[in-house]
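Asker: Quick one: this structure, given as structure tokens, is what I'll be asking you about.
The values are calculated or read from the model by the stated rules, or taken from the named source; none is laboratory data. Note that the coordinates shown come from a computational prediction; the quantities given were computed from them, not determined experimentally. Please note: Cβ atoms are built from the backbone with ideal geometry, for glycine as well, and neighbour counts cover all protein chains shown.
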Amino acid sequence: MDTYPVTARCVGRFFRTDGKYLGRVYKEHLSDFRQWEQKAHAGEWVLLDGNMGERLSIDETTLHNDLFTFLSNKDGHGKRGTLIAAVKGTTVAEVTRILSMIPEEERLKVKEVTMDFSDSMKGVVEAMFPKAEIVIDCFHIVQLAGKGLEEMRLKLKRKARAEEKKSEHEFKKTLERRAKNRKAYAKKHKPRKSKNGKRLGRPPKRKNEKYEPQKLSNGETRTDLLTHVRYPLMKSGEDWTDFQKKEMELLFETEPRMKTAYGLLCSLRCIFKKHQSRDEARMELHAWYTDVGKSLIRELIAARDTIKSKEEYVLNYFTNRSTNASAESLNSKMKGFRSQVRGVSDLPFFMYRLMKIFG
């Protein structure tokens, strides 16, 4: 019997190993996707009511250029049994239409649901889980105040940039005026020279003089400083590097209102770090409201009013100190899986794979 050398080319003729082929084989033959009972509506919604629990999280994320609302069970810890429902859209009507398919007795067992500041999610929880305690995530509360600081920083940066442009424009006008004056003077006066031929009088100004913006004590402009402090503003002072400490000291020296705003952000963060009762937290939160009002910082006052309008849901955090971190972690895992499969080309099949992993 004749033998022939086995090469990669001849092996490839019988056993294709490219990723697309393997993906197609898994989809069409190895998996039960074609027999999946939720395949027909997987592009719009998926529901696994067997994963219901007493402590839930609700959040939204983007899949296939559309927003999806995800309901998850905290006791699943981001593994199998975590994902309960995925519904395309974020409106109360769309989400409640799907969640109403969960048996009422299961929905009435839910004791706690964590979420962010979304009013639509609040409406969904109130309609579907009437006995559940709504908890607004403490990280979103601090983030809301942080956005106020970010608005202040951007406003100051735009102002500093406008002042630099104005100063540069005035500098160019000064150069043009000097050139015009030199030209007029040269017409009326001849240059004086000494006996050895050297020109007498003050040396002429450079015609190609460049604009140099005003610098701070560390050699940066105000615009540069307000750019570099973006990340330290969102961190606790204990986590600053030596360079960031110097930057922040200079910022607080040049912009006292930023120092006040940062102090208010840190005091709000400290309220949620303390292990205290709901009533003690309420008193500290009301004191923080007063301090924000005295500061007259419009950006923080807007954040204060939002927190104040949902104070009861904010204070529910101090009952069990529950956060929405599980939902954020699940979102991160789903986005990581989406990047591994190079995006979503077939949404129903992608939802099937998500349910296999997290459902």
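Asker: Does at least one position in segment 248-262 carry a residue that is in a loop (DSSP other than H, G, I, E, B), at negative phi and either of a type in the set (Asp, Glu) or at pLDDT 90 or above (or both)?
Answerer: yes
Asker: Tally up the residues in segment 92-118 that are modelled with pLDDT of 90 or more and under 24 Å from residue 43 (Cβ atoms), please.
Answerer: 11
Asker: Out of 78, 23, 50, which single residue is under 18 Å from residue 351 (Cα atoms), modelled with pLDDT under 90 and assigned to a loop (DSSP other than H, G, I, E, B)?
Answerer: Just a single option satisfies the conditions, and that option is 78.
To keep it simple, each residue is scored yes or no on (1) over 15 Å from the mean Cα position of the chain (by Cα); (2) farther than 26 Å from residue 298 by Cα.
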residue: 123; (1), (2): yes, yes
residue: 128; (1), (2): yes, yes
residue: 133; (1), (2): yes, yes
residue: 139; (1), (2): no, no
residue: 142; (1), (2): no, no
residue: 152; (1), (2): yes, no
residue: 159; (1), (2): yes, no
residue: 165; (1), (2): yes, yes
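Asker: Looking only at segment 311-359, which residues are touching a residue at least 60 places away in the same chain (Cβ under 8 Å), closer than 18 Å to residue 22 by Cβ and among the aromatic types (Phe, Trp, Tyr)?
Answerer: 349, 350, 352
Asker: For segment 245-268, which positions are touching a residue at least 40 places away in the same chain (Cβ under 8 Å) and surrounded by fewer than 16 Cβ atoms within 10 Å (Cβ to Cβ)?
Answerer: 257
Asker: Restricting the search to segment 310-352, which residues are of a type in the set (D, E, K, R) and either at pLDDT below 85 or under 22 Å from the mean Cα position of the chain (by Cα) (or both)?
Answerer: Listed by number, the residues that qualify are 310, 328, 333, 335, 338, 342, 346.
Asker: Hey, another quick one. When you scan segment 294-301, do you find a residue that is closer than 12 Å to residue 141 by Cβ, modelled with pLDDT under 95 and among the hydrophobic types (A, V, I, L, M, F, W, C), even just one?
Answerer: no
Asker: Same structure, new question: Any idea which of 71, 63, 83, 56 is hydrophobic (A, V, I, L, M, F, W, C), within 18 Å of residue 331 (Cβ to Cβ) and in contact with a Gly (Cβ under 6 Å, 6 or more places away or on another chain)?
Answerer: On inspection, the qualifying residue turns out to be 83.
Asker: Across segment 48-74, what is the number of residues that are surrounded by 15 or more Cβ atoms within 10 Å (Cβ to Cβ), free of Cβ contacts under 8 Å to residues at least 40 places away in the same chain and not polar (S, T, N, Q)?
Answerer: Result for segment 48-74: 2.
Asker: Moving to a separate point now. Considering only segment 278-296, state which residues are surrounded by 12 or more Cβ atoms within 10 Å (Cβ to Cβ) and within 10 Å of residue 315 (Cβ to Cβ).
Answerer: Hits for segment 278-296 are 278, 281, 282, 285.
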